[in-house]
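Here's the structure, in structure tokens; my notes come after.
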2 protein chains.
Amino acid sequence: MTTRLAELTRGGRVESVHAGTIAVAHVDGTLLASAGDPATFAYFRSSAKPFQAIPLIESGAADRFGFTPAELALCCASHNGAPGHQSQVLAMLAKLGLDSSALQCGLVLPGDEHEAARVIDGAIAASPLQCDCSGKHTGMLATCLHLGYPLDSYLEPEHPLQRQIRDIVGEMCRVPAGSLTLATDGCSVPTFGTTIANFAFAFAALAAPSAAPVGAGREHTAALDRLREAMMRHPENVAGEGEFVTNVMAAGNGHIVAKSGAEGLVCAGLPERGIGIAIRIADGTYRALPVALAETLRQLELVEPAVIDAIEAYHDPRIFNHNRRHVGDFRAAFQLERAA
Amino acid sequence: MTTRLAELTRGGRVESVHAGTIAVAHVDGTLLASAGDPATFAYFRSSAKPFQAIPLIESGAADRFGFTPAELALCCASHNGAPGHQSQVLAMLAKLGLDSSALQCGLVLPGDEHEAARVIDGAIAASPLQCDCSGKHTGMLATCLHLGYPLDSYLEPEHPLQRQIRDIVGEMCRVPAGSLTLATDGCSVPTFGTTIANFAFAFAALAAPSAAPVGAGREHTAALDRLREAMMRHPENVAGEGEFVTNVMAAGNGHIVAKSGAEGLVCAGLPERGIGIAIRIADGTYRALPVALAETLRQLELVEPAVIDAIEAYHDPRIFNHNRRHVGDFRAAFQLERAA
């Protein structure tokens with residue numbers, strides 16, 4: 001089902017390996033290339049966030065509450081809980097007449113190490129604003145408030161917003177919503193299980209929704225265009241300084257949209273090409289994703305070499321030890337199979 | 001070469017998997033059981049520390065400098081840099097007439113989250129005392145000082161102490177020292193590559209050296225007995241509060257010695273049974289090691305069930321999300337093959 005995607009070397013030998021699956025799809029419905037079986041099952045986790053935000057746009061809630069592009073990017077984010085992210089989410093909640101007590105995403109240490117240090121040493125209190133999903137939850141609260149849906153039960157799979165999101169995720173992934181495996185995400189909203197190939201199709205449609213077939217994203221063109229542009233213009237709000245997808249979008253400079261997902265997933269879309277990419281590391285880790293994405297873009301010649309160079313400048317494939325000695329390397333270990 | 005050792009579930013389905021290798025060996029030279037190919041290559045990394053400390057004992061340096069059992073445990077440790085570990089290492093250096101400037105292990109954030117937070121927020125300076133290997137390096141410095149070896153070059157593979165350690169590691173692993181693959185460890189000393197089975201033999205000899213064949217650990221019985229007892233009596237100094245091998249030794253209550261190694265390795269020894277166990281996760285991660293070790297002990301009925309229960313009490317195989325909802329489970333996914 002999976003195949004070796006990347007290796008770590010030390011002393012000239014392979015020390016560790018990461019297996020996984022890659023799927024590259026065109027918005028027209030063609031699977032272009034893959035490594036491992038593109039029918040491998042996975043959960044969409046936070047890579048679904050741009051699609052979970054569609055009702056926020058289409059309901060009119062985003063306009064009613066005056067959410068800016070930077071704020072929409074936060075609604076699609078797994079942000080690292082830096083102070084700037086928290087203050088923006090708090091400002092969004094204020095637009096709703098709410099505060100952080102309305103967030104049901106739970107508590108988790110922020111990815112930003114300085115902010116995490118302040119929580120650990122007691123300088124500041126833990127807050128759901130710090131949770132990487134606080135922007136998504138705020139977007140959901142805005143939608144519920146605008147549509148008159150209950151606010152207290154917005155996590156539940158049978159809440160009207162969650163049912164609507166499930167239908168949308170099915171559409172974007174080109175599978176019946178009823179076929180999605182439902183599970184509980186880290187932040188307690190439903191997450192959706194299907195195949196890696198289906199994630200690639202969803203991101204192809206995020207990249208170029210007007211080229212998507214009816215029933216597979218085209219009806220959501222306006223919302224997807226707005227969310228995608230917000231993410232690409234504010235990549236620092238989609239993850240954070242030094243974070244992988246923020247760097248990928250900065251390197252892509254308007255030519256790549258990207259979103260990570262828990263347990264080793266990254267999905268990307270190339271708007272001009274109408275192409276979606278999904279890469280998942282089967283062991284749930286992230287460290288091999290930069291070389292896997294760079295290698296995918298290189299093998300298929302999907303972007304200018306300068307973009308790949310920029311990704312590798314952000315994420316050095318060399319491994320240095322505590323004394324900054326170069327002791328090994330990350331390297332890609334796959335050859336994409338192109339569909340006939 | 002490797003096989004699936006553990007799975008993580010979510011929503012009733014497998015979300016992530018960890019492949020790896022397990023070898024269980026008897027000190028008499030018999031391979032008892034395995035999962036995956038026990039000839040799989042790996043580096044010994046920090047699981048070699050008890051053997052890297054043998055010259056400290058056998059040279060007389062430990063006695064000359066009055067190292068206590070708690071301090072010897074630190075010489076075999078990947079400690080988490082808690083303040084108590086740092087102060088003990090500093091006291092050991094003082095016994096040598098040295099201070100932290102003699103340590104060449106480099107700088108790395110301590111594993112102890114409170115201490116790491118203090119470094120990140122600038123409350124305290126980064127120090128090589130915080131490095132998980134600072135005790136090992138102090139033991140090496142003590143040995144060099146006692147034997148009149150140069151102190152400034154103790155990291156180098158051709159330094160007389162490192163050559164001596166290489167010979168010892170070869171003996172313990174039951175391979176010619178010249179066949180060990182040399183690489184540079186995180187703390188810049190040499191590390192040694194051979195097979196998972198050979199690590200299991202080394203830990204069988206650590207567990208019961210007097211039962212080991214000549215040339216495979218028996219000559220080092222006095223040193224190994226002293227180091228093993230120090231580790232088992234002071235498990236908090238071998239890793240730290242909440243850390244895996246500390247908890248395994250606490251659960252084992254004198255019946256298990258255990259030491260982790262970088263990139264997903266744990267090795268354990270059962271003194272009364274003369275058995276060594278090596279488990280390595282091929283992707284270099286640690287989260288599956290508790291279920292893999294507990295399942296190995298269970299399948300081979302190597303310890304009382306209460307010991308396994310205690311390991312699982314320390315390392316709950318259930319997965320909880322940010323809201324403490326039970327969303328999935330870690331579970332073992334292997335059946336050990338017993339040697340004929």
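The values are calculated or read from the model by the stated rules, or taken from the named source; none is laboratory data. Please read all numbers here as calculations on a predicted model, not as lab measurements. Neighbour counts run over all protein chains shown; Cβ positions are idealised from the backbone, glycine included. Ligands, DNA and RNA are excluded from the accessible area calculation, which covers all protein heavy atoms including side chains. Shrake-Rupley method; radii C 1.70, N 1.55, O 1.52, S 1.80 Å.
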Do we find a residue being without any contact (Cβ under 8 Å) to a residue 40 or more places away in the chain and touching a helix residue (DSSP H, G or I) at 6+ places or on another chain (Cβ under 7 Å) anywhere in segment A:80-87? yes
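Look at residue B:9 and say whether it is over 22 Å from residue B:227 (Cβ atoms), under 21 Å from the mean Cα position of the chain (by Cα) and within 14 Å of another protein chain (Cβ to nearest Cβ). Steps first, please.
Values: over 22 Å from residue B:227 (Cβ atoms): yes; under 21 Å from the mean Cα position of the chain (by Cα): no; within 14 Å of another protein chain (Cβ to nearest Cβ): yes.
No: the conditions fail for residue B:9.
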Scan segment A:230-238 and give yes if some residue there is closer than 27 Å to residue B:323 by Cα and surrounded by fewer than 24 Cβ atoms within 10 Å (Cβ to Cβ), otherwise no. yes
Step by step: first the residues of segment A:176-194, then only those that are within 25 Å of residue A:284 (Cα to Cα) and open to solvent by 30 Å² or more (accessible area, probe 1.4 Å), then the one that is farthest from the other protein chains (Cβ to nearest Cβ). Which residue is that? A:179
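For residue A:121, state whether it is within 14 Å of chain B (Cβ to nearest Cβ), of a type outside the set (A, V, I, L, M) and under 20 Å from residue A:92 (Cβ atoms).
On the way: within 14 Å of chain B (Cβ to nearest Cβ): yes; of a type outside the set (A, V, I, L, M): yes; under 20 Å from residue A:92 (Cβ atoms): no.
Answer is no for this residue.
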Which members of segment B:12-36 meet the condition of being away from chain A (no Cβ under 11 Å) and over 20 Å from residue B:199 (Cβ atoms)? none
Report yes if some residue within segment B:151-161 is open to solvent by less than 50 Å² (accessible area, probe 1.4 Å) and in contact (Cβ under 8 Å) with a residue 60 or more places away in the chain; otherwise report no. yes
Out of the residues in segment B:201-219 that are touching a Phe, Trp or Tyr at 6+ places or on another chain (Cβ under 8 Å) and assigned to a helix (DSSP H, G or I), state the one that is surrounded by the fewest Cβ atoms within 10 Å (Cβ to Cβ). B:206
Would you be able to tell me the number of residues in segment A:288-329 that are under 30 Å from residue B:190 (Cβ atoms), out of contact with any helix residue (DSSP H, G or I) (no Cβ under 7 Å at 6 or more places or on another chain), touching a residue at least 60 places away in the same chain (Cβ under 8 Å) and not acidic (Asp, Glu)? 5
Restricting to helices (runs of 4 or more DSSP H) lying wholly in segment A:15-132: which have 2 or more residues that are among the hydrophobic types (A, V, I, L, M, F, W, C) and more than 22 Å from the chain's Cα centre (by Cα)? A:83-95, A:113-120
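The rows are residues; the columns are (1) hydroxyl-bearing (Ser, Thr, Tyr); (2) free of Cβ contacts under 8 Å to residues at least 60 places away in the same chain; (3) open to solvent by less than 20 Å² (accessible area, probe 1.4 Å).
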| position | (1), (2), (3) |
| --- | --- |
| B:8 | no, no, yes |
| B:18 | no, no, yes |
| B:23 | no, no, yes |
| B:26 | no, no, no |
| B:31 | no, no, no |
| B:43 | yes, no, yes |
| B:63 | no, yes, no |
| B:72 | no, no, yes |
| B:104 | no, no, no |
Residues in segment B:300-323: is at least one open to solvent by 30 Å² or more (accessible area, probe 1.4 Å), within 11 Å of chain A (Cβ to nearest Cβ) and charged (D, E, K, R)? no
